[in-house]
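Take a look at the structure below.
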Amino acid sequence: MPRFGRMAGARHAGSGFLECYARRMTELRRDLTLTRGIAIVVGITIGTGVFLKSAPMAQAVGSPGLVMAAWAAAGLVATFGALCFAELGTLMPHAGGEYLYLRAAFGDLSGFLYVCMSFVIGAASLAAYGAAFAIFLSDLTPLPAAWVQYDVRLFGESFVWEFGLRQVLGIAVIVIFTAVNLAGVAFGGRVQTFLTSLKVVALVGLIIGVFVFVPAGGAEDLATATQGGASDAAGSALTASAFGAAMLAALWAYSGWQYLPMTASEVRDPAKNVPRAVIGGGLLVVVLYLLVNAAYFYALPFDAVVTSSSTAYPNAPAVGARAAQQFLGSDALAIAALIFLISTVGSLNGVLLTRARVPYAAAKDKLFFECFGRVSAASGVPSTSIVLHGLFAVLFAVSGTFDQLTNLATLMYVLGWGLSGMALIVLRRKMAQAARPYPVPAYPWVPLLFVLVMTGILVSAFLESPTEAGAALLLLALGVPLYPLFHRRARPAIEPTPPA
């Protein structure tokens, strides 16, 4: 071959390598199967809430029947949300989830603010799982008192800020799973599938153990769960805002169905697998949650549920551990704590795996900081976004308690869900000719009811939890001054696939 031919061939080969490398640096891989997709939905959803949130819910509404009603109502709402997100996720099967839907429906500003909000949600959620990890670990081995404590007053309310070994442990588990997710989405998906399998088996074991081995006298407590009305534990008549606060707590436990669409660009055959995983996984969780809460009230008197681990009773065992103790005896706390630890890290892994894809998608559209769009050539994941989520989660981990962090995150969830339901309605008109592999049933009633309930929960949250609501608004407002830095150079929004 002539010299110039060899040189041209070398240049051609070199340019092909560089093009391939550049593509690997910017594109995600479709490594999530249907099984891994279901594992993400179920694995994130079944985390800490089902083991911890029944106590603050009982404190809010005052009777077993109303706690069960709040779980059932939140489950119905979560199902409506899953149906809406199944349509949206197949309409625009790309990385980003709610960011894509809001931007396409309402413009660049709403998309940008959602990315800012998602980053805060992700960090707060990871920190909450870190806090829950320390709570459950303390059931295995006593942890020393906090090294530092301060009384803090914010938005007219007082709370105690503390830092000690609990916070250090929460930070450590965040760092470990940040490293896991840097190894690649296939590896993170396999870890998620394994952890999800363990936690589902453990949850089913708790349900069966209570109903088979707890003495029959527990049926009296379960029978009480079918009765409405506030009990003496509430101390006052039930209000709509109190029931809304209980639903808000339950929605933290149900949050998970919205995560898979954030990774739709990494799901194989998303038109089929996204709705199957979102809806099927969501319904499985609703059934398990109702059964496990029935088990709580079968195994425990209502006062034992009210005084379980929560902000009001920070040193008490989790309600799930107390229920397990009824048939496992003195070994219950250790066994239950181990189960809860597995469940917690499974949710933490899933949240980090999915949330990192939201700012990645916005960065590719030049509507967020460019560094979030970097993809590791070795593992094919948005490595910078994963690391920054982990770092900000560490900051949140030293700033609040489990209930404060989850209330903050859930308020932002609810706001994003409500806007996404509205976006579905807008996109039905705006993109009327687009292909919709999975149209939501009973349209427009399902999205309308979903939006209405989200609005009511937000109103009740401002009445019942003004501190967390004020913090959520403040964090959201911080993104507004940054918007002018990006909107002029942003790329056009992604268009949905036209019908065949």
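Subtracting the Cα-Cα distance of W147 and Y483 from their residue separation scaled by 0.36 nm leaves 117.0 nm.
How would you order 459-467, 101-109, 47-55, 169-177 from highest to lowest mean count of nearby Cβ atoms within 10 Å? Spell out each step's value before the answer.
Details: 459-467: 18.4, 101-109: 21.7, 47-55: 28.6, 169-177: 20.0.
Those peptides, ordered most packed to least, come out 47-55, 101-109, 169-177, 459-467.
When the Cα positions of A432, V120, A145 are compared along the charge dipole of the range 26-489, A432 comes out farthest toward the positive end, with charges on each C-beta of Lys, Arg, Asp and Glu. Annotation: lysines with alpha-carbon distance below 24 angstrom to K366 (same-chain offsets under eight excluded): K430. Along the charge dipole of the range 276-381, which of A295, L341, P314 sits closest to the positive end, that is, farthest toward it, with unit charges on the beta carbon of Lys, Arg, Asp and Glu (+1, +1, -1, -1)? Positive-end residue among those listed: L341. Rg and Dmax over the alpha-carbon atoms of the range 26-489 stand at 20.9, 68 Å.
The calculated FRET efficiency for N315 paired with A172, based on their beta-carbon distance and R0 = 22 Å, is about 0.55.
The magnitude of the dipole of the range 381-500, with charges of +1 and -1 set on the Cβ of Lys/Arg and Asp/Glu and taken from the Cα centre, is near 700 debye.
Read-outs throughout are calculated quantities, based only on the coordinates presented, and are distinct from any laboratory measurement. Everything numeric in this text was worked out from a predicted model, so none of it was measured. Reconstructed Cβ throughout: ideal geometry from the backbone, glycine too, with neighbour counts over all protein chains shown.
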